[in-house]
Structure formats: C-alpha cells, structure tokens
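Okay, so here's the structure we're looking at.
The values are calculated or read from the model by the stated rules, or taken from the named source; none is laboratory data. On a predicted model such as this, the values are computed, not experimentally measured, just so you know. Here the Cβ positions follow ideal geometry from the backbone for every residue, glycine too, while neighbour counts run over all protein chains shown. Protein only, heavy atoms only, side chains kept; ligands, DNA and RNA dropped before computing areas. Shrake-Rupley method; radii C 1.70, N 1.55, O 1.52, S 1.80 Å.
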Amino acid sequence: MIIDYRIGPHAADMDADLCIIGAGAAGIAIARSFIGTSVKVCLLESGGKTGEQQTQALYEGSSVGAVALDPGSSRMRVFGGSCNLWGGGCIPLSQHDLDQRDWVPHSGWPIDFGDLEPYYDRARAYCQIDAHDFVDGSFVTPTTHPPLDFEQSKLVNQIFARSPILFGQAYRDELEQAPNIQVLLHVNLLELLPTPDGAIVQEARIGTLGGYRGIIRARQYVLACGGIENARLLLLSDSVVPHGLGNQHDLVGRYFMDHPSGKLGTLSTDAPHRVTRPYDRRIGKGTAPTFSEIGLSPEVQRQHRLLNGRVHPFGVEGPLPKGIRALRELRAALRRPVQDEGALLEARLCDALRNGPATGAVAAPTDSLGTMALRLGLGVGDIARAFVQKIADKPTVSSSHIDLVGFFEQAPNPHSRVILGSETDALGQRKVSVEWRLTPLDRHTYRAAATLFGNELARASGGSFELESWLEHDDGAAPDVHGTAHHLGTTRMSDDPRSGVVDRHCRVHGMQNLHIAGSSVFPTGGWAFPTFTIVALSLRLADQLRSVLASCESTSML
C-alpha cells in the first residue's frame, strides 16, 4: 500500500514491526524482502513519486571544506532515491578493497568478500543483471569491444554491468500491492526517540511540510537515507542522548568520503577511437550491457602505496562538420522542452553531477526550422560520411584528442565530516554542513596514478601524454577534483565501537533495535560504483532483521 501524506487526514500514531526510513535502493531492497511475510513494514519516504523542488530543498546545506561539495545538488529526495539519477553501474568490491592496508590509515572492513558474495549473487536479480556472473572485483561477461591490453602488474580492465532499471519505478507496484507493506510518501523523520539509557528506540517522530506531526512505533528501525542524511538524522536525534544516537565516541558524521574525480591530462594519438571505443558506454548491446574500466592493479597500489582508482578516456570531438552540426541543431529544436517540475529538477541535478566533458552538445538554435532544414540539406554529404563511419563501428565525428579523467578511492579521514550547521530547513531541522577534507595520501595518489595511467595508455596507443598542470607540483593547493555523489563512511562499520558507528551486521553500537543501510557504513570504498554493494549489504541486513524479528516473536509467545 502506498499512502501520500499530502492528501487527506492521517492517524497521529502508527504501529509496525519494522520501520525503514528512506525509500532508495537500500530501503526498497529491505522492504521488498518482507513481501509475503507476516512482518508489518512501514517504509517512509520524504519525497513523492517524482521530484519536487520544495522537498528537494530539505537537502540543502553548506560546504566548509577546501574542496567544495554541495549537499543540495548531489542527491535526490524522491521515491527511488538518488538512483533516479544513476547511470546503472554495478560492480562488486574486491577483497583488496576490503582488506586492511598498512599504507591506508583506518582501512579494513570487519567482513570479507566471502561474506558479501552470496548477497552480491542475490543483488544481481534485484538490479536485473542476473545474466552476468562475477568474481572478486569484476563481472566476467565479455564486453562489446575487447579492451586494451595492459601489463597486468600495473593496470587492469575491470568489467561492470549496467542495470537497466530505476528501483522506484521497477518495484513500486510490488510494494503498493503488498498487504503487509505501507509506503508513506512525503513523510520526514524528525527524530528517533530512545529509552532514557539510549539503548532502544521507542518511537520515530515524523512530520510533513504541510504541518502534520505523528509517531511511528516499531520493534526494529532502519535508517536508509544515504551517506550524508543517515549521519544527520542520528545527530538530530539528540533530545534524550545529547550528542545524538550512536555517537558515544564522536564518530557519527566523521570519515566522510566520496570518489574524487578530475582531469588528469591529455592523450594524443593518431587513432583516438582505438582507445575510446572499448570504453564507450553508448555502444553496449542488450538491456544490461557490460563495459570495461581501466583500474590500478593491487600490485601497483602496494608498490607505490596508492589508493585505488580508475581512469576513463573521453574522446573530445574535433571540428564539427557543417552537416552534423545542422542535424544536431535540428534535433535540439524539435526536442520538446521540459515542462514538469520533476523533469526540470532531474535535469538540473544531472547537469550538476555530470562527469567528464560534454559530448555532442550544440548551442541552442535560434534560426527558423526552415533555415535549419536548408543547412541540413546542404550538409547531406557530411551526414552520409558519418553514416558510413557508424556502419564501420567508428565514431561519426573524429576526436582531436582524449581527455583522461580519473576517479579515485578516498582515504578515510576522521577530520572529513558531516556536522549540523546553524541554519534550519522548512521543518525546523538543522541543515548539514559538509567539511570535505583530503589527505596527503589522496594527493600522492592523484599525481602518481595520473602519470602511470597516462604513460601506460600512451604506450598502448602509440601516442603521447601531457599531464595536467595541477598535478605537476605538490604546492599544498586544493587539488582540482570534484565529488561524484558517492557519499560514504559517515556511520562506518567496525567490530570496535571506538572506531565505528555500526557493527558487522549494520546494527548501531550500543543500541538493540537501530540499524543502518547504505554507503554510510563503508569503511573504505575502492573506486567501485557503490550501489551494487549497497544492495548486497541491504539484503544481508534484511536476513538479519528477519532472524531478529522471528526471535522476538518466538520469545513473546513463551
């Protein structure tokens, strides 16, 4: 059942067995695991079925670190979560990513690849990529175009699968028809209220932008609101425990990480398409295609004491033939303008999250359709030549050079953190302030990896590489990188409550019935797109919750 709290009166109190806050990839995966059971699930979502600016504004906050990160435009508050904007990339972490590495302070997960493997297996079906098998750190299905050959001790080709779905769209009907699931839209968690000793959550205080206030009482609670908001909600739950829930060791919000990205340099070669084509995500085959990414080998990471990372070669188009320009301008003119609020919001957020150079873009045409059609006719020869290129599986417009863009693991850093700011949102809740800090290890990785990536790709293509100027010297200036909206680490996992907020089962240390789902529990993040691991951990948590709830039910019957 789906209930929109913007419509009609609603009861002030509600009871459930399991209350999940956040209907993104994690929350939906957990709720869906209980369909057809006797467990009464309440799934809260702040947004609606489509994006709305008023709700999105609740994500706004400030950035106070040397490297800017806008918390308002790097995530989406809507049913289905930020995955309404995702590119579908799915890849498992490797055992190397999970290991403790002596050159990476605060690294190491309390679980290993064997613990995640059965849940990665199940996550394939949830992401609708179950046709693809995987191994430690990669899928194994061959890609459309064979990748470049590298010296395996330096660079490796790792394969990811692209999910064809948006989770909110794919599973909305199932959740709506499930008699034991209640999805509450436009409902915000205001605070989790525990017992006086802070050990058990007794109730969740909820509210809407329209003024409704209520209470949900459940046996178990899960925060599944993302790498920034999970920490914020714990910190906001401070009326009983002064510094917030799970924060007895001042760890909530610390170790904030992303996957920093920036241009590493320029690759020049006589045949750019031979470098870019094997990694071009626009030419995959099938509904869930696979693609390669160029990563640092575990051996080279150990040798040079680097964080993990990958590089993507983006072909930069040379002079645009007049006929191709005319065709693109005409297509842009005929494209219907975006009108509804949800689509406009998605377009704005996608533009803010774009990685790599824009390709195929033309300025908005101002001429009449007749004039553009005339230019198209005059350029028919260019279009014919482009068609021949496409038939030959070559780019329709040649690249002048290649931009190498890096995407990196971030070193866990307790001084990189999410805190509560002084400003409040429309619900009266304190907004977040993100202090995103990078370390000398991060900067060392960017410089060393950029040179390694560039030289190896130049060797493989018979070309030359020019390093970006910001990587030439370590002068202490902020590196020229930006976030990729992969927010990690703020409620990190550890067996020791002095070094983590949740235990290996994602239960908050010192609390009996509060759990956290999502990338905020990652102690480290490799370079891997996080959603596949988020889903795997969520399915693992669902199994834990099923066992706990069954145990509680059995005890109550004695």
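Among the lysines, which fall within straight-line cross-link reach of Lys394, defined as a Cα-Cα distance under 17 Å, with same-chain neighbours fewer than 8 residues apart omitted?
Lys285
Tell me, in nm to one decimal, what length is gained between Ser268 and Ala373 on full extension, where the rule is 0.36 nm per residue of separation less the Cα-Cα distance?
On the way: separation 105, 0.36 × 105 = 37.80 nm, distance 3.55 nm.
Length difference between fully extended and current span is 34.3 nm.
Go ahead and run the numbers for FRET between Arg348 and Val135, Cβ-Cβ distance against an R0 of 56 Å, rounding to 0.05. Please list the in-between numbers first.
On the way: r = 39 Å, r/R0 = 0.69.
It comes out at approximately 0.90.
Mean separation of Cα pairs under 8 Å and 6+ residues apart, divided by the residue count of the chain: what relative contact order is that in percent?
Here the relative contact order equals 25 percent.
Just report the Cα centroid separation between segment 478-556 and segment 105-159, whole Å.
Between the Cα centre of segment 478-556 and that of segment 105-159, the gap is 20 Å.
On a 0 to 90° scale, report how tilted helix 531-557 is relative to the longest principal axis of the chain, with both axes built from alpha carbons and the result rounded to the nearest 10.
10 degrees
How much accessible surface does Ile2 have with a 1.4 Å probe, in Å² rounded to 10?
Surface open to solvent at Ile2 totals about 30 Å².
Taking K and R as +1 and D and E as -1, what net charge do the other residues with C-beta under 13 Å from the C-beta of Glu435 add up to? Provide the component values of the computation, followed by the final result.
Numbers: positive: Arg254, Arg417, Arg437; negative: Asp258.
Here the count lands on +2.
Compute the angle between helix 380-391 and the longest alpha-carbon principal axis of the chain, please, reported from 0 to 90 degrees and rounded to the nearest 10.
Tilt of helix 380-391: around 60 degrees.
Compare Glu466, Glu293 by solvent-accessible area with a 1.4 Å probe and give them largest first, with all protein chains kept in place. Mind showing how you got there, number by number?
Values: Glu466 125, Glu293 0 Å².
Reading off the accessible areas and sorting them downward yields Glu466, Glu293.
In the neighborhood of Ile20, defined by Cβ-to-Cβ distances under 13 Å, what is the net charge if each Lys or Arg adds +1 and each Asp or Glu adds -1? Numbers along the way, then the final one.
On the way: positive: Arg32, Lys40, Arg219; negative: Asp17, Glu45.
Taking every other residue near Ile20 into account, the sum is +1.
Can you tell me which of 281-287, 311-317 comes out highest on packing, and rank the rest after it, using the mean Cβ neighbours within 10 Å? List each step's numbers first, then the result.
Numbers: 281-287: 12.3, 311-317: 21.3.
Top to bottom by mean Cβ count within 10 Å: 311-317, 281-287.
What accessible area per residue comes out for the chain, rounded to a whole number of Å², with a 1.4 Å probe? Present the calculation step by step, with values, prior to reporting the outcome.
Details: 23030 Å² over 558 residues.
Using a 1.4 Å probe on heavy atoms only, each residue of the chain averages 41 Å².
Taking 41 Å as R0, compute the FRET efficiency from the Cβ-Cβ separation of Leu320 and Gln177 and round it to 0.05.
Values: r = 50 Å, r/R0 = 1.22.
Result of the calculation: an efficiency of 0.25.
Sorted by mean Cβ packing within 10 Å, highest first, what order do the peptides 133-143, 299-309, 7-17 take? Could the numbers behind the result be given before it?
Details: 133-143: 16.6, 299-309: 19.5, 7-17: 12.4.
Top to bottom by mean Cβ count within 10 Å: 299-309, 133-143, 7-17.
I'd like the trypsin sites (Lys or Arg not before Pro) in segment 459-558 restricted to DSSP loop residues with at most 12 other Cβ atoms within 10 Å, sorted by number. Show your work: numbers first, answer last.
Details: sites: Arg459, Arg492, Arg498, Arg504, Arg507, Arg540, Arg546; in loops: Arg492, Arg498, Arg504.
Qualifying residues, ordered by number: Arg498.
Which FRET efficiency value, to the nearest 0.05, is calculated for Ser547 and Arg282 with the Förster distance at 51 angstrom and r the Cβ-Cβ distance?
Plugging the Cβ-Cβ distance into 1/(1 + (r/R0)^6) gives 0.70.
For segment 497-505, what does the Karplus curve 6.51 cos²θ - 1.76 cosθ + 1.60, with θ = phi - 60°, yield as ³J(HN,Hα) per residue in whole Hz, taken in order and with x for Gly and Pro?
x, 7, 10, x, 8, 10, 8, 5, 9
Which net charge results for the neighbourhood of Pro319, defined as the other residues with beta-carbon distances under 12 angstrom from its beta-carbon, given Lys and Arg at +1 and Asp and Glu at -1?
0
Accessible surface of Tyr119 in the full protein assembly, 1.4 angstrom probe, to the nearest 10 Å²?
Looks like 40 Å² after rounding.
Label the chain by shape, choosing from rounded, prolate and oblate, from the square roots a ≥ b ≥ c of the eigenvalues of the Cα gyration tensor; if a/c is under 1.5 it is rounded, and otherwise prolate applies when a/b is larger than b/c, oblate when it is not. Spell out each step's value before the answer.
Values: a/c = 1.86, a/b = 1.46, b/c = 1.28.
In terms of gyration-tensor shape, prolate.
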